[in-house]
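Starting off with a structure, shown below.
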Amino acid sequence: MTSAWELLLPAASAPARARGRALQETLRDAVRSGRLTAGTRLPSSRDLAADLGVSRGLVTDAYEQLTAEGYLRSGRGAGTWVGDAVRAPRPRARDLAPRSSGDLADFVPGTPDLSLFPRSAWAAAQRSVLTDLPHESLGYPDPRGLPRLRSALAELLARRRGVVADPERIVVVSGVAQATALLAGVLHARGMHTAGVEDPGSPQHSALYASAGVGTVPLPLDGEGLALGPLRASGVRVVVTTPAHQFPTGIAYSARRRAELLTWARSVDGLVLEDDYDGDFRYDRAPVGALQGLDPERVAYTGSVSKSLAPGLRLGWLLVPDWLADDVVERKRTTDLGHPALDQALFARFVEHGDYDRQLRVCQRAYRERRDTLVAALAEHFPGARVTGIAAGLHAIATLPGRHGPEERFLARVREAGVAVRPLTAYGHGGAAAAPAKEVRLVLGYAHVTPGRIRAGVARMAQAV
């Protein structure tokens, strides 16, 4: 109530003739706005007059007027209360989380099928962890992460992705975004103020580096990966890559290009940040091992559960070279004092008991079926369409015959038909993704779309154009 009475002080200092009216208006506004809520008991006219330094009659008149209007209520000997006739609008919390566009068919890439989240297994792991977790484990954790989880991750990543995983150099983070931001801050402090990014590539890489004061240079790709000539000419010493399955073009870096990239990093005393965002999902063969396994001192490796479990868990990992480890850990400490201990213990158990491997198998089967469905639907409804890139991940690149262009007209017609798609040009940083005038190249996300909706969406898209 104290803060509400502070609103009355200006009214009390108004000119004498206007003081009564000002007091009434201020009280009325306080009730309307919700600053004085229904059922609030007001001070007696004597006490409020003394607090405000005005006559008691002024307060009595204000109470009587607002009681007559319905803003206040009073009873003989029962005091004065804020009435419940006024329904002040309650403050609403907005939800700024990205949501589905609501289109009849949504092929925008980047989202897994959240209905595949293993709720039963996750709940069982949570009950077990809550039962067994020592009390002291709920204190401030090691900023690198719980030793139990770092050990589980080291075994998992070495086995599945071929990384050189020392638990002492693993930092548990809230997703690839935090890993990138942490690393960018450390590199900036070391005097590296520019980083190279793939073009076309993920828009978030440039934004995250910019937040740490690090500028980015778009670097073009060729058929084998990042083009070495422009990289050498750029003068950067840091580059962000997605070598297992480049986003968005879908290519995998060739063995030769991987070796050349590491040779470049050694020659400039530089660093490669490997974003292994969907490295577990390869459908035509075993996934290619991570670049980090070839040179752990020149590659920082990051990944997360955003594509395999759910992005809302905000859980990922960063493997850093020894020469950066202390700085990254200290920055993690000062950023958030460590990742939530309960979440870490839960995921550690999930990995240790094989639940995570089972989840990856479930997702791989589902996403492979959906990719096959998408390829077949495109062949049926867009004869001559080409699907490029390796059979992997959660999206595919489709190049449609020239008769469906130009791209701008195609996108407008598809949008009117209620189909959400993204063109490859949307991911270009410096023009490398520009398409010929009549060609339409689409980045089609399929992981979050059921086979039936994939077929219906492609059919609707064809009908629209």
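The values are calculated or read from the model by the stated rules, or taken from the named source; none is laboratory data. Note that the structure is predicted; figures quoted are calculated from it, not measured. All Cβ positions, glycine included, derive from the backbone under ideal geometry; neighbour counts span all protein chains shown. To get the accessible areas, we keep the full protein, side chains included, count just its heavy atoms, and leave off ligands, DNA and RNA. Shrake-Rupley method; radii C 1.70, N 1.55, O 1.52, S 1.80 Å.
Which of the residues belonging to the range 172-215 are assigned to a strand (DSSP E or B) and either small (G, A, S) or surrounded by 24 or more Cβ atoms within 10 Å (Cβ to Cβ) (or both)? Please lay out each step first, then the result.
Step one: list which residues in the range 172-215 are assigned to a strand (DSSP E or B), which gives 172-173, 194-199, 215.
Within the range 172-215, V172, V173, A195, G196, V197, E198, G215 qualify.
Checking the structure you have, find out if any residue of the range 102-110 is within 30 Å of Y427 (Cβ to Cβ), among the β-branched types (V, I, T), open to solvent by 50 Å² or more (accessible area, probe 1.4 Å) and modelled with pLDDT of 85 or more.
no
Cβ-Cβ distance below 7 Å, separation of 6 or more or different chains: which pairs start in the range 297-308 with a residue that is part of a strand (DSSP E or B) and end on one that is among the small types (G, A, S) and open to solvent by less than 20 Å² (accessible area, probe 1.4 Å)?
Pairs found: Y301/A290; T302/A179; T302/G316; G303/G279; G303/G316; S304/G175; S304/G316.
Now, a different point. It is to be established whether one or more residues within the range 124-142 are over 16 Å from A348 (Cβ atoms) and within 24 Å of the chain's Cα centre (by Cα).
Checked against the condition, which is being over 16 Å from A348 (Cβ atoms) and within 24 Å of the chain's Cα centre (by Cα), the range 124-142 yields no hits at all.
Next question, about the same structure. Here are some conditions: (1) more than 30 Å from A158 (Cα to Cα); (2) not in a helix (DSSP H, G or I). G338 meets all but one. Which one does it not meet?
That leaves (1) as the condition not met.
Determine which single condition R358 fails, assuming it passes every other condition in (1) in a helix (DSSP H, G or I); (2) in contact with a Gly (Cβ under 7 Å, 6 or more places away or on another chain).
Checking R358 against (1) in a helix (DSSP H, G or I); (2) in contact with a Gly (Cβ under 7 Å, 6 or more places away or on another chain), the one that fails is (2).
Out of the range 115-132, which residues are open to solvent by less than 90 Å² (accessible area, probe 1.4 Å) and closer than 28 Å to G279 by Cα?
Correct list: L116, F117, P118, A121, W122, A123, A124, A125, Q126.
Which one is modelled with the highest pLDDT, of the residues in the range 436-458 that are of a type in the set (A, V, I, L, M) and open to solvent by 30 Å² or more (accessible area, probe 1.4 Å)?
Our first condition is that a residue be of a type in the set (A, V, I, L, M); within the range 436-458, this holds for 437, 440, 442-444, 447, 449, 454, 456, 458.
Add one more test, that the residue is open to solvent by 30 Å² or more (accessible area, probe 1.4 Å), and what stays is 437, 456.
Values: A437: 51, A456: 95.
Step by step, filter the range 436-458, then rank; the result is A456.
Of everything in the range 357-387, what is open to solvent by 60 Å² or more (accessible area, probe 1.4 Å), among the basic types (K, R) and within 30 Å of F347 (Cβ to Cβ)? Give them in sequence order.
If the condition is that a residue be open to solvent by 60 Å² or more (accessible area, probe 1.4 Å), among the basic types (K, R) and within 30 Å of F347 (Cβ to Cβ), then R358, R361, R365, R368 are the ones that fit.
Within the group A417, A432, which residue is modelled with pLDDT under 95, among the small types (G, A, S), surrounded by 16 or more Cβ atoms within 10 Å (Cβ to Cβ) and touching a helix residue (DSSP H, G or I) at 6+ places or on another chain (Cβ under 6 Å)?
Result: A417 is the single residue among A417, A432 that is modelled with pLDDT under 95, among the small types (G, A, S), surrounded by 16 or more Cβ atoms within 10 Å (Cβ to Cβ) and touching a helix residue (DSSP H, G or I) at 6+ places or on another chain (Cβ under 6 Å).
Shifting gears a bit: Does any residue of the range 344-351 turn out to be surrounded by 17 or more Cβ atoms within 10 Å (Cβ to Cβ), of a type outside the set (A, V, I, L, M, F, W, C), free of Cβ contacts under 8 Å to residues at least 40 places away in the same chain and in a helix (DSSP H, G or I)?
Checking the range 344-351: not a single residue is surrounded by 17 or more Cβ atoms within 10 Å (Cβ to Cβ), of a type outside the set (A, V, I, L, M, F, W, C), free of Cβ contacts under 8 Å to residues at least 40 places away in the same chain and in a helix (DSSP H, G or I).
Something else about it: Could you look through the range 208-245, keep only residues that are farther than 30 Å from D284 by Cβ and among the aliphatic types (A, V, I, L, M), and pick out the one that is nearest to the chain's Cα centre (by Cα)?
Ranking the candidates gives L208 first.
All but one of (1) assigned to a helix (DSSP H, G or I); (2) over 22 Å from P112 (Cα atoms); (3) over 28 Å from the mean Cα position of the chain (by Cα) hold for A376; state the number of the condition that does not hold.
Only one criterion in (1) assigned to a helix (DSSP H, G or I); (2) over 22 Å from P112 (Cα atoms); (3) over 28 Å from the mean Cα position of the chain (by Cα) is unmet by A376, namely (2).
Still on this structure, I have one more. All but one of (1) in contact with a helix residue (DSSP H, G or I) (Cβ under 9 Å, 6 or more places away or on another chain); (2) open to solvent by less than 30 Å² (accessible area, probe 1.4 Å); (3) farther than 30 Å from A310 by Cα hold for T60; which doesn't?
In the conditions (1) in contact with a helix residue (DSSP H, G or I) (Cβ under 9 Å, 6 or more places away or on another chain); (2) open to solvent by less than 30 Å² (accessible area, probe 1.4 Å); (3) farther than 30 Å from A310 by Cα, T60 misses (2) alone.
Another one. Output the number of the condition that R90 fails; it satisfies all remaining conditions of (1) modelled with pLDDT of 80 or more; (2) assigned to a loop (DSSP other than H, G, I, E, B); (3) over 30 Å from Y427 (Cα atoms).
(1)
Tell me the residue from R150, R161, R169 that is out of contact with any His (no Cβ under 6 Å at 6 or more places or on another chain) and either open to solvent by 40 Å² or more (accessible area, probe 1.4 Å) or of a type in the set (V, I, T) (or both), please.
R169
Would you pick out the residues in the range 216-229 that are among the acidic types (D, E) and surrounded by fewer than 16 Cβ atoms within 10 Å (Cβ to Cβ)?
Result: D222, single match.
Hey, can you tell me all the residues within the range 98-114 that are touching a His at 6+ places or on another chain (Cβ under 9 Å) and not β-branched (V, I, T)?
S100, D106, F107, P109, G110, P112, D113, L114
What's the number of the only condition in (1) open to solvent by 30 Å² or more (accessible area, probe 1.4 Å); (2) at pLDDT below 80; (3) not in a loop (DSSP other than H, G, I, E, B) that A4 fails to meet?
The single condition A4 does not satisfy is (1).
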